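Peer 1: Shown below is the structure under consideration.
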Amino acid sequence: MSAIAALVDTALKTWSVLHTPFLPPDELAAVLTDIGQRVDVHAQPWGGYPQAERCRLAIAPAELSLDDQRPPLALVRISGNFLFDPATYIDFESALEAAGVAADDYGDIILLGERGAQAIVNPDSLPLITTALKQVRTVPVTVDPCPWDQLAVAPPQTKHLTTVEASLRLDAVASAGFGLSRSKMSEWISSGMVRVNWHVVQHPRYAVKVNDLITIRGKGRLVIQGIQTTKKNRYRLEMERTR
């Protein structure tokens with residue numbers, strides 16, 4: 001956060017638009033909250049598509065427009081045959097960092113199944129990524145720049161859901177909202193794949209509340225819009241899922 005504060009000060013002193021590195025969702029939310037409380041500066045996030053989780057920020061004095069001032073991004077395709085050795089988000093992130101790419105130089109990773117993945121990156125890191133990234137897990141890969149019109153992300157879709165649960169446990173509510181088994185959801189929660197309000201929660205017993213935002217990478221977002229107690233002392237939850 002100190003680096004962001006210094007960037008804000010520089011933007012004000014130089015009266016210019018400056019860009020942050022990629023920020024993880026929890027830090028991004030905290031920075032936007034802090035800047036939103038100020039009248040002398042504003043910020044605009046961009047991660048390559050509307051529902052991106054990892055974004056860069058354009059920061060400028062409040063009097064300067066941020067229209068057409070999105071932070072520069074590049075899209076690459078990481079190609080390989082993952083049919084017999086499937087890779088996860090964490091595998092691609094680990095491979096990028098093993099190749100020397102800093103964690104704040106890449107944004108979201110979009111899995112392409114057995115064909116590999118796409119990654120949104122800082123354009124300055126393109127020479128390193130395209131030459132140094134040679135393997136993900138046991139699979140040899142090639143990395144090439146990719147046109148933005150080939151970004152493999154569908155437009156966001158929103159669905160309203162209602163469920164009745166015996167408790168407000170995170171594993172029960174999230175399994176209903178994301179359409180997964182409770183055992184699988186408990187496994188994902190315990191392994192750190194589930195965030196509540198952008199913070200990792202590894203306790204399946206965590207009790208959700210109204211306005212909680214539950215996110216799972218690659219599965220979208222779930223907002224708890226309302227909770228009512230039924231006559232049988234169960235909980236009726238109104239939720240909205242976006243993916």
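The values are calculated or read from the model by the stated rules, or taken from the named source; none is laboratory data. Every value quoted in this text rests on a predicted model; they were computed, and no experiment measured them. Backbone-built Cβ (ideal geometry, glycine too); neighbour counts: all protein chains shown.
Peer 1: Just wondering, is there one or more residues in region 190-205 that are more than 19 Å from the chain's Cα centre (by Cα) and either assigned to a strand (DSSP E or B) or among the aliphatic types (A, V, I, L, M) (or both)?
Peer 2: No, region 190-205 contains no residue that is more than 19 Å from the chain's Cα centre (by Cα) and either assigned to a strand (DSSP E or B) or among the aliphatic types (A, V, I, L, M) (or both).
Peer 1: Here's another thing I want to ask about it. Please specify each residue of region 101-132 satisfying the condition of being farther than 28 Å from Trp188 by Cα, without any contact (Cβ under 8 Å) to a residue 60 or more places away in the chain and in contact with a helix residue (DSSP H, G or I) (Cβ under 8 Å, 6 or more places away or on another chain).
Peer 2: Asp124, Ser125, Ile129, listed by residue number.
Peer 1: Restricted to region 39-81, and to residues that are polar (S, T, N, Q) and free of Cβ contacts under 8 Å to residues at least 40 places away in the same chain, which residue is nearest to Leu96 (Cα to Cα)?
Peer 2: Residue satisfying both the conditions and the ranking: Gln44.
Peer 1: Another one. When the residues of region 206-243 are narrowed to those that are in contact with an Asp or Glu (Cβ under 8 Å, 6 or more places away or on another chain) and part of a loop (DSSP other than H, G, I, E, B), which ends up farthest from Pro25 (Cα to Cα)?
Peer 2: That would be Arg234.
Peer 1: State all residues of region 153-165 that are surrounded by 14 or more Cβ atoms within 10 Å (Cβ to Cβ) and farther than 30 Å from Thr230 by Cβ; if no residue qualifies, say none.
Peer 2: Val153 - this is the single residue of region 153-165 that is surrounded by 14 or more Cβ atoms within 10 Å (Cβ to Cβ) and farther than 30 Å from Thr230 by Cβ.
Peer 1: Could you check region 1-86 for strands (runs of 3 or more DSSP E) lying wholly inside it with 2 or more residues that are more than 29 Å from Val200 (Cβ to Cβ) and either out of contact with any Cys (no Cβ under 9 Å at 6 or more places or on another chain) or in the same structural domain as Val143 (by TED's automatic domain parsing) (or both)?
Peer 2: Passing ranges, in order: 56-61.
Peer 1: Right, Arg137: surrounded by 14 or more Cβ atoms within 10 Å (Cβ to Cβ) and either out of contact with any strand residue (DSSP E or B) (no Cβ under 8 Å at 6 or more places or on another chain) or not basic (Lys, Arg) (or both) or not?
Peer 2: So Arg137 passes the test.
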